[in-house]
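Just so it is clear, none of the values below were taken in a lab; they were calculated from the coordinates. All values reported here derive from a predicted model rather than from experimental measurement. Note that each Cβ is placed from the backbone with ideal geometry, even for glycine, and that neighbours are counted across all protein chains shown.
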Amino acid sequence: MVDTEVLIAGAGPVGLTAAIELARRGVTCRIIDAAAGPPRYAKAVGIQPRTLEVFEGMGVLRQVLDSSIQLRGQIVYVNGAEVDRVALTLPADIPYGFVGLPQYETERILRRRLAATGTRVERGTALTHFEQNGSGVHAVLTDEKGERRVQAEYLVGCDGAHSIVRKGLGLGFEGAAFAEQYMLGDVELDWSMPRGYGIRSMHRTDGVTDDLLVCIPLPGRCRYRVSMLVPEELATMPATGGDVVEHGLEGSHPPELHHIQAVLDRLAPEPVTASSLRWSSVFRISHRIVDSYSRARVFVAGDAAHIHPPTGAQGMNTGIQDAHNLAWKLALTLAGIGAPDLLASYDAERRPVGAEVVGRTVRSAREGVGAGETDPGFVIRREAQLLIDYSDSPLVSTAPSGIAGPRPGQRAPDAAGLTRDAVAFPIRLFSLLGQTDHTLLIYLDESAGPESPTAVAALTDAARRATHGRIDVYLIAAADAELDESALPVIRDNDGHFARAYGAKGLCAYVIRPDGYLGFTEHAPTPEDLTKHFAAIFC
């Protein structure tokens, strides 16, 4: 007998995201964590614009924005002189910016959202062993009462750098540890640096960085997360033996305020005193990535799949998006309507993303984000995780040739200035996306021709049949398009924002996946085109 459809090991941001996304789709899941309580502190403090879009769909965006601070830019110093000042300015079509929020606060918000679905985290419960076969996953859990067995259809390992799930699968985890050790602290700094700007100050000898200070703004008066090389007196011995991954916080020798002040005295761009130390730790960094994100019914996500320097706050954000990608595919499969190879696309889509993040953060760890690159706009969009591209995915249709606008596999752009009946104010495209099912947008303008109502009806019927009804369909009409009475919800593109963002003209169709990426774009589409596209996703 199956105890739960999905067992999730690990209740950090990645595991919580997976559980929320599954629960939103009616999937029963259990989420366990070996720790007796949630962490008081953790390394991650940055949330990227793309993750905020994910959080909007999950229903936690308001809480995240209410609790966070906007990250406005970074000022870089070398040997005491300012050498660069970067503003984190995004194009007008991107709805959200970068924010700073400690990971424990992000987890608190996600736990409350999960609890609203009726699912709770089972604390003090560790996964100690599992086996899988064609019918499911047999797991052994251990808590204060002893061992118990659980039968699940699928297992998702979100259990961090030292993942039991990854080890149980026997996955390769290639990479190495950094020779340097670092220390972190949450402090108040009484300086005149502009609010919301991160500070990166380096000392270089003969072009080589040999001392480093990074200060990231946190919510609260003058609060920063500071990171620096660890002094020799706090350095710990490297771990040895077996399958040892040197990555994470070391609790045995926490830095004191005077350790942090000594680095500030050497590297701060102006005289500053650190005070109100809330938390500190020494930590080690490795860079590694698994050779596969899944085997049969078992998956890994987040730090269980990829670890790397915390440069640019990529780790937690990448892991959250791993879980977001996997959850909708698991839900369709469990509903009995997913295509046979749907779950295999998780590795095909997300492992290249993880590999790119590992490589990039290793290169940036010493010299900073974007060092040596000449296009700051590209760097900012990349760091915002807005350039992820699934164009090589088996789930994505071939890009039509010679047509403007985003290609299948790219993030679906937002569009403002849309209107609809009974709504007094303009709306955004993203507000239409339920982000649990696929969305079909059919665009129509005056050049579409008199046969367009018949074509729209045929496209709608084909999409609903191919997706077993798991699709929302909207008709996006240009301001000058004359429409007969429509069975579809009609959204007017009065300002032409949608047409410009999507390169839309005539009769067009766009399929947006539940994770916000385009799966299909076509001008003059046919029902057969849509049916063929959905055959890779739905059985």
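Worth pointing out:
- Radius 14 Å from Cβ of ILE491, net charge of other residues (Lys, Arg +1; Asp, Glu -1): -3
- Unit charges on C-beta of K, R, D, E only; dipole of the chain, Debye: 940
- Which of TYR474, TYR502 has the fewest Cβ neighbours within 10 Å, and the rest in rising order: TYR474, TYR502
- Along the chain, counting only GluC sites (Glu not before Pro) with a DSSP assignment other than H, G, I, E or B and at most 15 other Cβ atoms inside a 10 Å radius, the longest segment between sites is 1-143.
- Local charge for GLU446 was computed over the other residues whose Cβ lies under 11 Å away, with Lys and Arg +1 and Asp and Glu -1, and equals -2.
- Straight-line cross-link reach from LYS505 at under 28 Å between alpha-carbon atoms covers these lysines, not counting any fewer than eight positions away in the same chain: LYS532.
- Between the range 191-236 and the range 16-37, the C-alpha centres lie 35 angstrom from each other.
- Chymotrypsin sites (Phe, Trp or Tyr not before Pro) lying in DSSP loop within the range 42-112, provided at most 13 other Cβ fall within 10 Å: none
- Electrostatic bookkeeping for GLY100 treats Lys and Arg as +1 and Asp and Glu as -1; over the other residues with beta carbon under 12 Å from its beta carbon, the sum is +2.
- Cα gyration tensor category, rounded, prolate or oblate, for the chain with a/c compared to 1.5: oblate
- With semi-axes defined as the square roots of five times the eigenvalues of the C-alpha gyration tensor, the equivalent ellipsoid of the range 1-156 measures 37, 18, 14 Å, largest first.
- Integer Hz, Karplus 6.51/-1.76/1.60 couplings in order for the range 110-122, x for Gly and Pro: 5, 4, 5, 5, 5, 4, 5, 8, x, 10, 10, 7, 8
- Considering all C-alpha pairs of the range 320-473, those separated by over 28 Å amount to 37%.
- Of LYS532, LYS505, LYS329, the sequence from fewest to most neighbouring Cβ atoms within 10 angstrom is LYS532, LYS505, LYS329.
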